[in-house]
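The structure under discussion appears below in the form of structure tokens.
The values are calculated or read from the model by the stated rules, or taken from the named source; none is laboratory data. Please read these numbers as outputs of a predicted model, since none were measured by experiment. All Cβ positions, glycine included, derive from the backbone under ideal geometry; neighbour counts span all protein chains shown. Protein only, heavy atoms only, side chains kept; ligands, DNA and RNA dropped before computing areas. Shrake-Rupley method; radii C 1.70, N 1.55, O 1.52, S 1.80 Å.
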Amino acid sequence: EDQVTQSPEALRLQEGESSSLNCSYTVSGLRGLFWYRQDPGKGPEFLFTLYSAGEEKEKERLKATLTKKESFLHITAPKPEDSATYLCAVQGVNTGNQFYFGTGTSLTVIP
Amino acid sequence: DTGVSQNPRHKITKRGQNVTFRCDPISEHNRLYWYRQTLGQGPEFLTYFQNEAQLEKSRLLSDRFSAERPKGSFSTLEIQRTEQGDSAMYLCATLWAVGGEQFFGPGTRLTVL
């Protein structure tokens with residue numbers, strides 16, 4: 001079965017202190033890897049899709065990268081408004097239409 | 001608003017009662033998912049529709065749960081004889097094509113007393 005493991009579970013950063021979140025995955029044929037941001041009490045908000053190893057995507061202070069076993073979400077010079085839970089999900093070619101989510105990384109950026 | 005909408009946003013019920021949630025997808029999206037999410041966990045897949053056809057259901061899904069998508073538009077998720085363990089956020093997500101990203105609704109927060 002496809003699996004996703006995210007680390008760390010929680011991360012506290014000072015404003016401006018760059019860091020990376022990790023998403024390790026096991027899937028039989030990757031159809032896509034997805035990053036979402038989720039604020040408390042709300043539905044996840046789509047950030048990026050990555051399809052193949054070596055691919056990178058960037059949006060404001062966020063950059064997502066992909067290898068054959070893991071993905072990183074790099075946060076450069078974070079601001080307090082970047083505080084949220086970041087979720088990673090995968091969809092495999094051989095596992096129908098299901099998406100498998102990790103448990104997320106809870107990010108807190110301190111002013 | 002052209003996003004995914006869900007109603008109600010909050011539902012409090014007593015154990016043993018039936019509840020029904022509604023999801024209205026983005027109009028061009030023919031694929032619709034229901035998820036359950038508890039505190040500190042990622043969304044857990046419940047069921048998937050392509051147009052009006054329910055193509056996949058989680059093996060973990062109790063037979064107290066049923067979902068429909070008449071005419072391939074809005075969808076409903078019903079939970080019969082609710083239990084306290086059903087307390088969670090129920091999320092609906094839709095997408096346009098295979099390999100594409102899902103767009104989530106705001107969720108329905110269910111509390112079973």
**Request:** Please find, within the range B:86-113, the residue that is surrounded by the most Cβ atoms within 10 Å (Cβ to Cβ) out of those that are without any contact (Cβ under 8 Å) to a residue 24 or more places away in the chain and under 23 Å from A:Lys42 (Cα atoms).
**Result:** B:Glu101
**Message:** For the structure I just gave you, tell me whether A:Ala77 is among the aliphatic types (A, V, I, L, M), in a loop (DSSP other than H, G, I, E, B) and either more than 12 Å from the chain's Cα centre (by Cα) or facing chain B (nearest Cβ under 8 Å) (or both).
**Reply:** yes
**Message:** Of all residues being part of a loop (DSSP other than H, G, I, E, B) and more than 12 Å from chain A (Cβ to nearest Cβ) in the range B:7-25, which is surrounded by the fewest Cβ atoms within 10 Å (Cβ to Cβ)? Just the residue, please.
**Reply:** B:Lys14
**Message:** Pairs please, first residue from the range A:92-103 and in contact (Cβ under 8 Å) with a residue 24 or more places away in the chain and within 7 Å of chain B (Cβ to nearest Cβ), second anywhere and assigned to a loop (DSSP other than H, G, I, E, B) and surrounded by 17 or more Cβ atoms within 10 Å (Cβ to Cβ), Cβ atoms under 7 Å, 6+ apart in sequence or on different chains.
**Reply:** A:Phe99/B:Gln102; A:Phe101/B:Gly42; A:Phe101/B:Pro43; A:Gly102/B:Gly42; A:Thr103/B:Gly42
**Request:** Check A:Thr67, A:Thr49 and return the single one that is buried (at least 17 other Cβ atoms within 10 Å of the Cβ) and free of Cβ contacts under 8 Å to residues at least 24 places away in the same chain.
**Result:** A:Thr49
**Request:** Kindly establish whether B:Glu68 is under 14 Å from the mean Cα position of the chain (by Cα), open to solvent by 60 Å² or more (accessible area, probe 1.4 Å) and not β-branched (Val, Ile, Thr).
**Result:** yes
**Fill in**
If you go through B:Ser62, B:Ser73, B:Ser87, B:Ser58, the only one that is of a type in the set (S, T, N, Q) and modelled with pLDDT of 95 or more is B:Ser87
